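The values are calculated or read from the model by the stated rules, or taken from the named source; none is laboratory data. Please read all numbers here as calculations on a predicted model, not as lab measurements. We place every Cβ from the backbone using ideal geometry, glycine too, and count neighbours over all the protein chains shown. Side chains included, ligands, DNA and RNA excluded: accessible areas come from the protein's heavy atoms. Shrake-Rupley method; radii C 1.70, N 1.55, O 1.52, S 1.80 Å.
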Amino acid sequence: MTKWLNRLLAIREWPLRDRLAVLVAAAVASAVALTGVAAWLITRVTVYNQLDSELVDVAAVTANWVAVDIEGMGGLDTNALKAANVTVMLVRADNRVSTLPGATVSLVAGPEEFSVARRQQGSSARTGVASNGQPYRIVAVPLKAGTESYALVLGRPLEATNNIMATLAWSLAIFGLLGVGVSSAIGFVIARSALRPMRRLSEAVAHVTDTGELTPVAIEGSGEVADLGRSFNTMLDTLQSSRERQRRLIADAGHELRTPLTSLRTNVELLVADERSRMLPEGARTDILRDIAGQLGEFTTLVGDLVHLSREDVVQPHPEPIDLRDVVRSAIARAKRRGPALSFDVELNPLYLVGEPDSLERAITNLLDNAVKFSPPGGTVHVLLEGDRLRISDQGPGIPDDELPHVFDRFWRSPSARNTPGSGLGLSIVAQTTKAHGGWVKAGHSAEGGAEFILRLPGSPTPPEDEVSDDESTILLPKVAQ
């Protein structure tokens, strides 16, 4: 028992293709075995019922002859019985048995035949053994002669019938085994064909593991395996995108951090050298320290922008319903501190949406900082929130037409603005945040000649409490893109 159990458990270690082929073969073998056994039993019952019916009919006719001449058994002789391939005997109700004179084979009477003789009703049929030890099919019918009650018993040898049943059993077994073999081969082919996409997927995973190349797999057909392949390709695309962001972050950081780090190192080296030689003129040390502080501020801003842009999803995983007016007011308050000499013309109409307020405030603050940076002293920054669009415009020099397509590129800076503070990432953050919220942003010219940025965010001018479903009480607000 333990040996067979270990073999069954060992099947779990086989390749999936072989296991499927074995399971198909086992299922077909079970079906063939059940069908063969059922066919053999049904045939056997049918043959025996037909044989019993035939013997009962012969016994009923023979009983009429024997009843006329009990002593002579109706004139029956052994030749006639041999021709009919039957054996006859009489069983009396008092258990007396009479056989045909000269018969070489006699039947062995049993309780069934004596019961028919006593009751004189119905008939009996069974498989018994004759005096020569051969199996016989034995039937008994009632017979009445005067005051005596008998049962006429007929028997026919089962050798021919058993030979037919044996031939049928062997035929079913042989053809069943052939069917199992053919089905196993077909099952193996089907399993191999069905698992071919799985094998390709496994090879693709191994290829990625060994080489690091994110090569997608070919998708054929439909179904669960095809869906798995598509999910795998999607995973590869996501991984490739993550790699690209990582490479871009490293390249951008290496490119953009080199200049401030070099400047910081130079200033620090000057301070270190001045400690030994006191070569710096009066006030230069203070200017260098002030320059270092400014460079550290720009360095901190640049690192924060790089980390922000390197994230796959700028929007937090738990957005919330917000009133965009509150976000814009907070951003304007920050911008006013950076441009105290400027005036702000603000008109804010309601706009409610689902989003991440911190990311949106940072994006709007970047637009306002851009306006503050390029506005002339005493200038005015216009902020208009109307419908689903936020317009921010200034009175600065504006953006040349040939530079408009590049303003949202990473680290792109206008030639005229390369000497101004900034990392060149602020507008890229605006574009990425807006896209994550399902909107868009574009740059253009304001009516006063300066730059104008239009930020579109899908939302509703109606407060959330006024858009509650009567039956579900669900806030119906546009949802942020995930």
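Mind listing whichever residues of the stretch 304-322 are at pLDDT 85 or above and open to solvent by 30 Å² or more (accessible area, probe 1.4 Å)? Please lay out each step first, then the result.
As a first pass, look at the stretch 304-322 and keep what is at pLDDT 85 or above: 320-322.
E320, P321 - these are the residues of the stretch 304-322 that are at pLDDT 85 or above and open to solvent by 30 Å² or more (accessible area, probe 1.4 Å).
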* Asked: Can S241 be described as at pLDDT 75 or above, surrounded by 13 or more Cβ atoms within 10 Å (Cβ to Cβ), of a type in the set (G, A, S) and assigned to a helix (DSSP H, G or I)?
  -> no
* Structure fact -> Checked V91, V129, V116 against criteria (of a type in the set (A, V, I, L, M), at pLDDT 85 or above and open to solvent by 70 Å² or more (accessible area, probe 1.4 Å)); the one match is V129
* Would it be correct to say that D287 is at pLDDT 70 or above and part of a helix (DSSP H, G or I)? -> yes
* Quick one: in the stretch 64-73, of everything that is farther than 10 Å from L90 by Cα and outside any loop (DSSP other than H, G, I, E, B), which residue is modelled with the lowest pLDDT? => V68
* Asked: Which residues, counting only those in the stretch 446-467, are surrounded by 13 or more Cβ atoms within 10 Å (Cβ to Cβ) and at pLDDT below 65?
  -> E467
* Residue check for E256: open to solvent by less than 60 Å² (accessible area, probe 1.4 Å), modelled with pLDDT under 75 and farther than 30 Å from A21 by Cβ -> yes
* Just need a number here: residues in the stretch 331-365 that are within 11 Å of I392 (Cβ to Cβ), open to solvent by 30 Å² or more (accessible area, probe 1.4 Å) and in a helix (DSSP H, G or I). => 0
* Mind checking which residues of the stretch 173-222 are among the hydrophobic types (A, V, I, L, M, F, W, C), modelled with pLDDT of 75 or more and closer than 30 Å to G36 by Cβ? -> A173, I174, F175, L177, L178, V180, V182, A185, I186, F188, V189, I190
